[in-house]
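Peer 1: I'd like to ask you about the structure that follows.
The values are calculated or read from the model by the stated rules, or taken from the named source; none is laboratory data. Predicted, not measured: the structure shown is a model, and the values here were computed from it. All Cβ positions, glycine included, derive from the backbone under ideal geometry; neighbour counts span all protein chains shown.
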Amino acid sequence: MRRTDPEGHGPVRFGPPLPADGLPVLPELSAVLAAAAPLGGSEPVGGGPALLEAACAYWARRGLSAGPERVVAAPGAPSLLLALTAALGGDVLVPRPCAAWWAPYARLLGRPVFHVGTPAECGGVPDPYALLETVRRVRDEGGDPRLLVLSVADDPTATVAPPEAVHEAVEAAVGEGLHVVSDETWRDTVHAPHDTVLIGPAEMLPERVTVVTDLAGALLPPGWPAAVARFPEGEIADDLHARVLDVLTALGARVAAPVAAAAGYALTEPEPVTTRVAATVRLHARVAAAAHAAVVPSGALARPPRAGRHLYVDLGPLRTALGAHGVGDAQDLEEFLTARLGLPAPGGHRFGDDLGALRVRLSTGSLLAGTDTELEECLSSPSPVELPYTQRALITVKSVFDDLRDDAQRWEPPR
């Protein structure tokens, strides 16, 4: 079976970062980091006791019990996924599309990566029948699939997979002997938490799922790298935990002591952190909804964003109009929209989509700007999309997509 390695995908070193919130750092977090700055060192490999206890309490509040012996901390989720991939061995399966940082670490280790289609209603989890067929074909051709990476609250599609879709995918994976890694970086950024049912794979089949959470999703600035992983119970998981620690030791992947202090504080979820997280989620939900409303009338396709700080747009219906501008694939589209919008618009090929598919991820954080005072105003405003800078940025987005719609109408053959 053909592996989905990238070819001709633009600058080799370009990997779109996690969508940032575009906001000033929470003062209480800055104070914790500053107070710990004189420490100057780093945590033990896997994290110190205080950080691990905070991570256990964080998961317990979400219905997942864990002791410190089943938790590992690292400087960012990429190092955790690299360690897990190295420890588990074998081939890796991921949804199409998927987070831009998942596949490179498998390829770095020389592991084949296979993308699997997703259900119509969401991204982040594979269609169970497509997953079973992919596993069968890989094994028939001598492959050794062992790991499935998925996400319920997804980057790049900004969808939240319904519990039944998650359960079917996880059952199919476990039935085929795969270990599941659930990337829950965006779990705490669901736009309508009271109206959205989010159940992670570890709540369904806890003995075969490792949960990875990058704190840059909701709790820390992306420049303060820290992530935690929760391992299942049992001898197999104990062995996996030990091998992951071995890999992290070989990499020297330790969390800096000041960052660990901030991470531990954030994971305990004191009132300043929970208030800021809630306000940030509300802000980006409103901006994402406005961005969605700006692009869809052009004829572009996008699922309504339900989580995160991004929007995934399919401009396939505008292919003819884009072709008139020399846009023939996702790399061309990335360059075209980045120039037109004045904002980063990484193409879908960065996320494992076909190069020929005209898809991009737009980040809502890019639509925010101004002084710290102005950004704080965005957080507290009941109508942040009407504030001057955000309104101007959204008008630009709408104008670019409306121009493409007009171009498409001019190119339509007469009836």
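Peer 1: Would you mind stating whether Pro305 is crowded, with 23+ Cβ neighbours inside 10 Å, out of contact with any Phe, Trp or Tyr (no Cβ under 7 Å at 6 or more places or on another chain) and either not in a helix (DSSP H, G or I) or not assigned by TED's automatic domain parsing to the domain that holds Ala36 (or both)?
Peer 2: Details: crowded, with 23+ Cβ neighbours inside 10 Å: yes; out of contact with any Phe, Trp or Tyr (no Cβ under 7 Å at 6 or more places or on another chain): yes; either not in a helix (DSSP H, G or I) or not assigned by TED's automatic domain parsing to the domain that holds Ala36 (or both): yes.
Spelling it out, Pro305 is indeed crowded, with 23+ Cβ neighbours inside 10 Å, out of contact with any Phe, Trp or Tyr (no Cβ under 7 Å at 6 or more places or on another chain) and either not in a helix (DSSP H, G or I) or not assigned by TED's automatic domain parsing to the domain that holds Ala36 (or both).
Peer 1: Confirm whether Arg392 is assigned to a helix (DSSP H, G or I), over 26 Å from the mean Cα position of the chain (by Cα), of a type in the set (Lys, Arg) and surrounded by 14 or more Cβ atoms within 10 Å (Cβ to Cβ).
Peer 2: no
Peer 1: Report yes if some residue within segment 358-370 is out of contact with any Pro (no Cβ under 9 Å at 6 or more places or on another chain) and in a helix (DSSP H, G or I); otherwise report no.
Peer 2: yes
Peer 1: Another question, then. Pairs please, first residue from segment 328-343 and closer than 16 Å to Pro19 by Cβ and in the same structural domain as Thr390 (by TED's automatic domain parsing), second anywhere and aliphatic (A, V, I, L, M) and assigned to a helix (DSSP H, G or I), Cβ atoms under 7 Å, 6+ apart in sequence or on different chains.
Peer 2: Leu341/Val397; Leu341/Val400
Peer 1: With the requirement that a residue be of a type in the set (Gly, Ala, Ser) and crowded, with 18+ Cβ neighbours inside 10 Å, what does segment 328-346 give you? It would help to see each step written out before you state the result.
Peer 2: Quick first cut of segment 328-346, residues of a type in the set (Gly, Ala, Ser) only: 328, 330, 339, 342, 345.
Passing the criteria: Ala330, Ala345.
Peer 1: With Glu233, Glu176, Glu203, Glu207 as the choices, which residue is modelled with pLDDT of 95 or more, out of contact with any His (no Cβ under 6 Å at 6 or more places or on another chain) and among the charged types (D, E, K, R)?
Peer 2: Details: Glu233 fails: modelled with pLDDT of 95 or more; Glu203 fails: modelled with pLDDT of 95 or more; Glu207 fails: modelled with pLDDT of 95 or more.
Only one candidate passes the filter, namely Glu176.
Peer 1: A further question follows. For Val149, are the conditions met, namely being in contact with an Asp or Glu (Cβ under 6 Å, 6 or more places away or on another chain) and either buried (at least 23 other Cβ atoms within 10 Å of the Cβ) or in contact (Cβ under 8 Å) with a residue 60 or more places away in the chain (or both)? Spell out how you get there, then give the answer.
Peer 2: Details: in contact with an Asp or Glu (Cβ under 6 Å, 6 or more places away or on another chain): no; either buried (at least 23 other Cβ atoms within 10 Å of the Cβ) or in contact (Cβ under 8 Å) with a residue 60 or more places away in the chain (or both): yes.
When the stated conditions are applied, Val149 does not pass them.
Peer 1: At negative phi, surrounded by fewer than 20 Cβ atoms within 10 Å (Cβ to Cβ) and in contact with a strand residue (DSSP E or B) (Cβ under 8 Å, 6 or more places away or on another chain), is that true of His292?
Peer 2: Numbers: at negative phi: yes; surrounded by fewer than 20 Cβ atoms within 10 Å (Cβ to Cβ): yes; in contact with a strand residue (DSSP E or B) (Cβ under 8 Å, 6 or more places away or on another chain): yes.
Criteria met by His292.
Peer 1: Looking at (1) in a helix (DSSP H, G or I); (2) in contact (Cβ under 8 Å) with a residue 24 or more places away in the chain, find the lone condition where Val296 falls short.
Peer 2: Unmet condition: (2).
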